[in-house]
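Computed from the coordinates by the stated procedures, all read-outs in this text should not be read as laboratory data. Fair warning: this is a prediction, and the values are worked out from it, not measured in the lab. Don't worry about glycine lacking a Cβ; one is built from the backbone with ideal geometry, like all the others, and counts go over all protein chains shown.
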Amino acid sequence: MFLLKLLSRLPLSVLYVFSDFMFVIGYYVIRYRRTVVQANLKNSFPEKTLKELRHIEKEFYRNLCDYPIETLKLMTMSEVEITRRMDYKNPEEVELFARQGQSMIYLTAHQFNWEWLLAGACISTSPAIYYVYQAQSSKFFDNFSNLIRQRFGAKPIKREKVGREAIKLKSTLHGLALLADQFPGLDHDKRFWTPFFHQDTAFFQGINQLAIITQYPVLFFVTKKVKRGYYESEIIRIAEPPYAKNDFTVVENYVKATEKIIREQPEGWLWSHDRWKRTREEMGNQ
């Protein structure tokens with residue numbers, strides 16, 4: 001950690017040289033998950049030419065290599081620099097509910113850079129933020145991820161405890177932050193199947209259940225890359241209570257919002273994730 005912190009003090013312009021090197025090795029030599037990425041892009045954008053798909057693919061890998069560099073930089077970035085590089089266009093959307101003492105659910109997708117998005121939210125908005133996470137198999141990387149995410153005040157909640165913790169937090173003003181576009185692959189995951197980029201796709205039904213349990217409004221954080229090292233975020237209200245027991249408005253609107261931002265900036269999404277690795281039939285229609 002000490003050595004990483006020293007490295008993170010280098011200017012981003014220098015650290016991006018490491019990213020450029022990783023891109024050459026990862027894209028051309030190791031060819032990291034290129035088969036998965038190419039299949040995902042081809043199936044998601046049948047209307048695009050091979051040239052267009054290759055451009056998206058290459059730009060995605062550049063973003064993917066920038067991600068660990070920018071995440072490392074979070075160890076020593078100041079609030080001023082984060083605010084300059086992660087511009088929140090409408091934080092008043094959060095403050096409107098906060099002034100009413102109303103807690104919220106924050107949803108976003110794996111659109112680069114979600115680590116800067118969390119740090120910026122801690123600085124630019126007033127409610128305490130609790131982020132839901134899945135523990136990593138590597139203890140070192142798990143500790144590192146939580147270290148940078150907590151640096152500006154965000155607090156962790158393990159994925160398997162989110163329901164219980166949400167009930168405990170009912171008396172406090174907060175935002176409950178989740179990345180909800182991963183593949184729900186655990187046996188106990190409740191899934192919501194819906195068309196997503198022309199494919200039958202499983203999403204976490206848990207985000208819908210969380211909204212029903214808490215009766216919180218749901219905000220979607222849209223992240224766009226402006227240029228290298230600079231991002232902007234717009235906060236969109238996608239659902240408000242009351243929610244009925246069998247109401248799937250939250251997850252339906254989340255899927256629509258996620259597909260919209262990916263279509264607007266496709267190179268910014270995590271295409272290396274094997275999102276469609278199992279079909280509904282293989283998972284027993286759950």
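H55 is checked against (1) under 28 Å from A119 (Cβ atoms); (2) within 23 Å of the chain's Cα centre (by Cα) and fails just one. What number does that condition carry?
Evaluating H55 over (1) under 28 Å from A119 (Cβ atoms); (2) within 23 Å of the chain's Cα centre (by Cα) leaves (1) as the failure.
If you check V226 against the conditions, is it hydrophobic (A, V, I, L, M, F, W, C), surrounded by fewer than 18 Cβ atoms within 10 Å (Cβ to Cβ) and touching a residue at least 40 places away in the same chain (Cβ under 8 Å)?
yes
Among residues belonging to the stretch 119-133 that are under 22 Å from I167 (Cα atoms) and within 13 Å of the chain's Cα centre (by Cα), point out the one that is surrounded by the fewest Cβ atoms within 10 Å (Cβ to Cβ).
Y133
With the structure loaded, tell me whether K245 is part of a loop (DSSP other than H, G, I, E, B) and closer than 16 Å to V37 by Cα or whether it fails that test.
When the stated conditions are applied, K245 does not pass them.
Identify the residue in the stretch 1-54 that is charged (D, E, K, R) and part of a loop (DSSP other than H, G, I, E, B) and, among all such residues, is farthest from R151 (Cα to Cα).
E47
Could you tell me whether the stretch 133-156 includes any residue that is closer than 30 Å to K190 by Cβ, in contact with a His (Cβ under 9 Å, 6 or more places away or on another chain), part of a loop (DSSP other than H, G, I, E, B) and in contact (Cβ under 8 Å) with a residue 24 or more places away in the chain?
no
Which one is surrounded by the most Cβ atoms within 10 Å (Cβ to Cβ) among residues in the stretch 173-223 that are β-branched (V, I, T) and more than 26 Å from R263 (Cβ to Cβ)?
Step by step, filter the stretch 173-223, then rank; the result is T214.
Please find, within the stretch 31-69, the residue that is nearest to K277 (Cα to Cα) out of those that are of a type in the set (V, I, T) and in contact (Cβ under 8 Å) with a residue 60 or more places away in the chain.
V36
Conditions: (1) under 19 Å from the mean Cα position of the chain (by Cα); (2) buried (at least 17 other Cβ atoms within 10 Å of the Cβ); (3) closer than 18 Å to L4 by Cα. M77 meets all but one. Number of the miss?
The one condition M77 does not meet is (1).
Among residues belonging to the stretch 238-268 that are buried (at least 17 other Cβ atoms within 10 Å of the Cβ) and among the small types (G, A, S), point out the one that is farthest from F197 (Cα to Cα).
By that ranking, first place goes to A239.
Only residues that are under 20 Å from V250 (Cα atoms) and either without any contact (Cβ under 8 Å) to a residue 24 or more places away in the chain or touching a Pro at 6+ places or on another chain (Cβ under 8 Å) (or both): list them for the stretch 165-180, please.
H174, G175 - these are the residues of the stretch 165-180 that are under 20 Å from V250 (Cα atoms) and either without any contact (Cβ under 8 Å) to a residue 24 or more places away in the chain or touching a Pro at 6+ places or on another chain (Cβ under 8 Å) (or both).
I'd like to know if the stretch 175-196 contains one or more residues that are closer than 23 Å to E115 by Cα, of a type in the set (K, R) and touching a helix residue (DSSP H, G or I) at 6+ places or on another chain (Cβ under 7 Å).
no
Each row is one residue, and each column tells you yes or no for (1) over 30 Å from E81 (Cβ atoms); (2) out of contact with any Lys or Arg (no Cβ under 9 Å at 6 or more places or on another chain); (3) aliphatic (A, V, I, L, M).
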{"position": "K190", "(1), (2), (3)": "yes, yes, no"}
{"position": "T214", "(1), (2), (3)": "yes, no, no"}
{"position": "L219", "(1), (2), (3)": "no, no, yes"}
{"position": "K224", "(1), (2), (3)": "no, yes, no"}
{"position": "E240", "(1), (2), (3)": "yes, yes, no"}
{"position": "A244", "(1), (2), (3)": "yes, yes, yes"}
{"position": "R278", "(1), (2), (3)": "yes, yes, no"}
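Looking only at the stretch 93-116, which residues are part of a helix (DSSP H, G or I) and either within 20 Å of A211 (Cβ to Cβ) or without any contact (Cβ under 8 Å) to a residue 40 or more places away in the chain (or both)?
E93, V94, E95, L96, F97, A98 - these are the residues of the stretch 93-116 that are part of a helix (DSSP H, G or I) and either within 20 Å of A211 (Cβ to Cβ) or without any contact (Cβ under 8 Å) to a residue 40 or more places away in the chain (or both).
Counting only residues that are over 23 Å from Y133 (Cα atoms) and acidic (D, E), which one in the stretch 87-118 is surrounded by the most Cβ atoms within 10 Å (Cβ to Cβ)?
Per the criteria, the residue is E93.
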